[in-house]
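The values are calculated or read from the model by the stated rules, or taken from the named source; none is laboratory data. Only a predicted model underlies this, so the values are computations on that prediction, with no experimental measurement involved. Because the Cβ atoms are built from the backbone with ideal geometry, glycine has one as well, and the counts that use them run over all protein chains shown.
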Amino acid sequence: MIVLILLTIIVSFILYRRYFPVLGVHFINLKDLKDDNIMIIDIRDYNECNNDPIKGSINIPIAYLNRNINEIPDGDLYIIASSSLEKNVGVRFFRHKGFRVVGYSISDNNKISIEEKSLKVENNCC
């Protein structure tokens, strides 16, 4: 019985870290980003980033974040991800490393989109 409870807790924790939305980080359209001191971090895969490059961003795929964390200068971050799962993992990783994530966008084939509370909003990305 205790083993089953522990297993349930571990599985719940893993699912929470991956799929539960990160609180306090909001969708911001890339065009509306006003502060020049905010670093744009593209955590999409290299292939996806090459098909839809974002000017001025640093591309470090999510799988390589821990290895290349020293390439990211201190300061506020704006994240570009390819899915909500990737966004959640990335934001939690950066917060754990002491960075402040001010916003995010989710890229989907030349469109920046976000789905929240069954409302889908799409904006074209430059």
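Residues that are of a type in the set (G, A, S) and in contact with a strand residue (DSSP E or B) (Cβ under 7 Å, 6 or more places away or on another chain) within region 25-69 comprise G56, S57, listed in sequence order.
Restricting the first member to region 23-50 and to residues that are polar (S, T, N, Q), and the second to residues that are part of a loop (DSSP other than H, G, I, E, B), the beta-carbon pairs closer than 6 Å and six or more apart or on different chains are N37/G75.
Summed over region 5-53, residues that are under 23 Å from I69 (Cβ atoms), of a type in the set (S, T, N, Q) and either assigned to a loop (DSSP other than H, G, I, E, B) or at pLDDT 90 or above (or both) total 1.
Looking at region 54-85, which of its residues are assigned to a loop (DSSP other than H, G, I, E, B), hydroxyl-bearing (S, T, Y) and surrounded by fewer than 18 Cβ atoms within 10 Å (Cβ to Cβ)? Selection gives S83 alone.
Is one or more of the residues making up region 66-75 at positive phi, without any contact (Cβ under 8 Å) to a residue 40 or more places away in the chain and more than 11 Å from the chain's Cα centre (by Cα)? Taking every residue of region 66-75 in turn, at least one turns out to be at positive phi, without any contact (Cβ under 8 Å) to a residue 40 or more places away in the chain and more than 11 Å from the chain's Cα centre (by Cα).
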